[in-house]
């Protein structure tokens, strides 16, 4: 689409909406507020106007209705969790062959590092015989429910660009995130909750910041809403002291009337988004605290997940993810920070901090799979687990000096993620790395392939989920992306 | 007969002789008319006679060759009978000019030449393929002939109506491989009916029930430098074409089977999809079955009654219906509205909706239902009988309901059931055994535990 065509396209869009606004009897503000607290047909109409693409992007029959993405920010070592390579143990402490270093760029490794054997013990589990390390004793029990992609590879070797690449399809800022694309394509199933929710644990947000759940050039109604498992679930969601719900409603009504006049005058789509968000925030005052209250869960569920209500933890977030999946949230994104195991300090050592991270996630992520399964939700919920890249088979030697603790550098050529439910075969291992886990040698899957496959499970054709911007059509998978059909049910 | 059949193979060689002689005769005929007294006029009847004799021999050879079969019927019909007509015309022209004192009107000779060109073209179509003349022609010629670059592979729609040999294999042999391979394929066609498909050629079985034993396959994959390599000229078969040929031969070289009736390995599925846009991937019931679309007004009416309703996919009219749990509405009062779209509902989610037993008779009418969620509802064994007509139901979620082992006999009617969710119910081992005996392969999913004790509420 040329710039001129895009201009005309947008003008047409504006005219259509302006026409709707001017000719409806009560006006948009009234429509919006008339439905506050309950979902009236007129409110539906406003929402439909704003989420005009809803369901039009369901190109074919997709088994998944929603996604829960468990992102291990910092990138866990696949060589301590899933990618078992006995040869690597034999080569432990030997100098890395020059052939592995020539022409390679690493974040920290310089000179000739030493090979680092597994800092874990591996066993095969389940009927599928999946290799899983002793660091994930709970996860072994769901080995037959998940599909391992062992030859993942990416283009970026630093956290922020790699995270952006994973979630937006581009290592640079400005593109919409995966969750935004999905909600843009499929809309939301629950009008009282955001379609795209983000939960963060581990004490820090991911290196790429909030851009990994931003909406980029898509209308900002599609951006992720960050919820918290401690304190107010959404910042400033409660009424300020001295303001009751009625007064809050009147305030929003007044603001939306002003916004409506602004929209009539300037015709900016973002004004409609703002009106909708005020309305959504008002509804969320009731719906979000209810869904975020895990205290109502029975004790055996808390024991299953290892949750402690009131605390900010990955376990709590996993339980919240299940509750949101039940309520129809389309895309639930979890980030757990602290997996950057370089070995420069104890907290990032493979035999110290890394083990703590494993303990934090092992039980809850396994419980999440089982809980979704026993409730009949796993078949329609795609669960994805992974980091933004992998770790090297070599021990990191920052500045040419061996680190005080066992650690591995960033690695783009081979890493493991797993997927479960939502149209993905369980008990399958797809892809294979070489004898030391350095390169993928069979069935490699690129980040764009992963994105295309995830969209496919939702019934979206990744080449058709596009948005015209600055003179051309953009899509999540840019000009690439191949669906990994071998892992589909 | 064998020697006559063999003689037929000389048709391509013999056919050029009468063409040359008759064109020469026609040219001399015209000169003789335009230049009265031209001395060369005397040769005209002789040329027509020689042309007639050569054409007769070529036509006889052609007739024998055509008997071997394997040609497109409409083209061989016109090639055969137009050729014979030209033999007769050449005889007539000889008779008309046999009196050497006069020369007949030349217009019939013009018709003879045009006929020769057309018959020759039809022969070329059969041996070199229909787009032989235009595929390498200048753009303006392609445009005149309405030739599309992308038409190299036929786009096929439906695996049920696509014949493996006619639509996939034969075009490979005819278009891509050249005349020599066609001769092999023709032999198979000829003897395919009465003697089976294992006709022995000079160097072995031309077509065998498996690729490795077939002379045809050996020749297309052998060293291109070999004299026996097929095709003898031009580019060899592509990887996809060789794999399709191998698939066809391994499947017993069927001549009348459809693509849908045979197994296709993933590699073959990919090739068929890429070459012909033919999707042979096994499809679910929802993807295979067609229903009428739901009118938008009906959709809106259903929404007004408290349900969310969406089309399952853009090109699929089945719908996914979910109860929205609106405080002011009761699912048991509103569910009747779904009767209007009973045929179109494939997925129905009525979880945690306070659904009562009485409402299940409406659900029982949804004969195309594939996924039914009724968890966390006060449903009892009494209502499960209402579901017994749901033959296509694959997933039934009854967790946290009041069902017991008693309903196993009713669930046993659901022969398509693949998953049953029974966590937090009284449906125990007895019911599971009874169900699994009636519906083999059904997966019954109860509760799970990790390191925590089993749920007890």
Q. Among the numbered criteria (1) surrounded by fewer than 20 Cβ atoms within 10 Å (Cβ to Cβ); (2) touching a residue at least 12 places away in the same chain (Cβ under 8 Å); (3) in a loop (DSSP other than H, G, I, E, B); (4) within 13 Å of another protein chain (Cβ to nearest Cβ), which single criterion is violated by residue B:282?
A. (2)
Q) Across region A:203-239, what is the number of residues that are buried (at least 24 other Cβ atoms within 10 Å of the Cβ) and outside any loop (DSSP other than H, G, I, E, B)? A) 5
Q | Failed item in (1) more than 8 Å from chain A (Cβ to nearest Cβ); (2) part of a strand (DSSP E or B), with residue B:297 passing the rest | A | (2)
Q: Select, from A:315, A:325, A:344, the only residue that is away from chain B (no Cβ under 13 Å) and either in contact (Cβ under 8 Å) with a residue 40 or more places away in the chain or over 24 Å from residue B:450 (Cα atoms) (or both).
A: A:344
Q: Filter region B:223-250 down to residues that are surrounded by 14 or more Cβ atoms within 10 Å (Cβ to Cβ) and more than 18 Å from residue B:171 (Cα to Cα) and give me whichever is modelled with the highest pLDDT.
A: B:250
Q: Kindly provide the set of residues from region B:315-347 that are surrounded by 16 or more Cβ atoms within 10 Å (Cβ to Cβ) and under 34 Å from the mean Cα position of the chain (by Cα), ordered by number.
A: B:316, B:317, B:318, B:319, B:320, B:341, B:343, B:344, B:345, B:346, B:347
Q: Of the conditions (1) facing chain A (nearest Cβ under 10 Å); (2) surrounded by fewer than 22 Cβ atoms within 10 Å (Cβ to Cβ), residue B:312 clears all except one; give me its number.
A: (2)
Q: Take residue B:450 and decide whether it is at pLDDT 95 or above, surrounded by 19 or more Cβ atoms within 10 Å (Cβ to Cβ) and within 14 Å of chain A (Cβ to nearest Cβ).
A: no
Q.
I'm checking my understanding of the structure. Among residues of region B:408-431 that are away from chain A (no Cβ under 14 Å) and either farther than 14 Å from residue B:396 by Cα or free of Cβ contacts under 8 Å to residues at least 12 places away in the same chain (or both), which one is surrounded by the fewest Cβ atoms within 10 Å (Cβ to Cβ)?
A. B:429
Q | Selected residue (only one of B:74, B:99, B:136 is in a helix (DSSP H, G or I) and at pLDDT below 90) | A | B:74
(Q) For region A:267-279, check the following and say yes or no: at least one residue is under 22 Å from the mean Cα position of the chain (by Cα) and more than 24 Å from residue A:311 (Cα to Cα). (A) yes
Q: May I ask you to list the residues in region A:258-277 that are closer than 16 Å to residue A:195 by Cα and touching a residue at least 60 places away in the same chain (Cβ under 8 Å)?
A: A:273, A:276
Q: Kindly provide the set of residues from region B:25-52 that are surrounded by fewer than 18 Cβ atoms within 10 Å (Cβ to Cβ) and in contact (Cβ under 8 Å) with a residue 24 or more places away in the chain, ordered by number.
A: B:30, B:33, B:42
Q: Working only within region A:292-308, note down all residues that are at the interface with chain B (Cβ under 9 Å from one of its Cβ atoms), surrounded by fewer than 21 Cβ atoms within 10 Å (Cβ to Cβ), in contact (Cβ under 8 Å) with a residue 12 or more places away in the chain and in a loop (DSSP other than H, G, I, E, B).
A: none
Q | Residues of region B:386-398 satisfying the condition of being without any contact (Cβ under 8 Å) to a residue 40 or more places away in the chain and within 26 Å of residue A:423 (Cα to Cα) | A | B:387, B:390, B:391, B:393, B:395, B:396, B:398
Q: Restricting attention to region A:343-356, report how many residues are crowded, with 24+ Cβ neighbours inside 10 Å and on the phi < 0 side of the Ramachandran plot.
A: 2
Q. Can you pull out the residues in region B:321-340 that are at the interface with another protein chain (Cβ under 8 Å from one of its Cβ atoms) and under 25 Å from residue B:287 (Cα atoms)?
A. B:322
Q | Total residues in region B:394-407, condition assigned to a loop (DSSP other than H, G, I, E, B) and within 13 Å of chain A (Cβ to nearest Cβ) | A | 5
(Q) Any residue that is without any contact (Cβ under 8 Å) to a residue 40 or more places away in the chain and touching a helix residue (DSSP H, G or I) at 6+ places or on another chain (Cβ under 7 Å) - is there at least one of those in region A:121-135? (A) yes
Q: Could you list all residues from region A:390-417 that are part of a strand (DSSP E or B) and surrounded by fewer than 20 Cβ atoms within 10 Å (Cβ to Cβ)?
A: A:398
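The values are calculated or read from the model by the stated rules, or taken from the named source; none is laboratory data. Owing to the predicted nature of the structure, the values given are computational and were not obtained by experimental measurement. Every residue, glycine among them, receives a Cβ derived from its backbone with ideal geometry; neighbour counts consider all protein chains shown.
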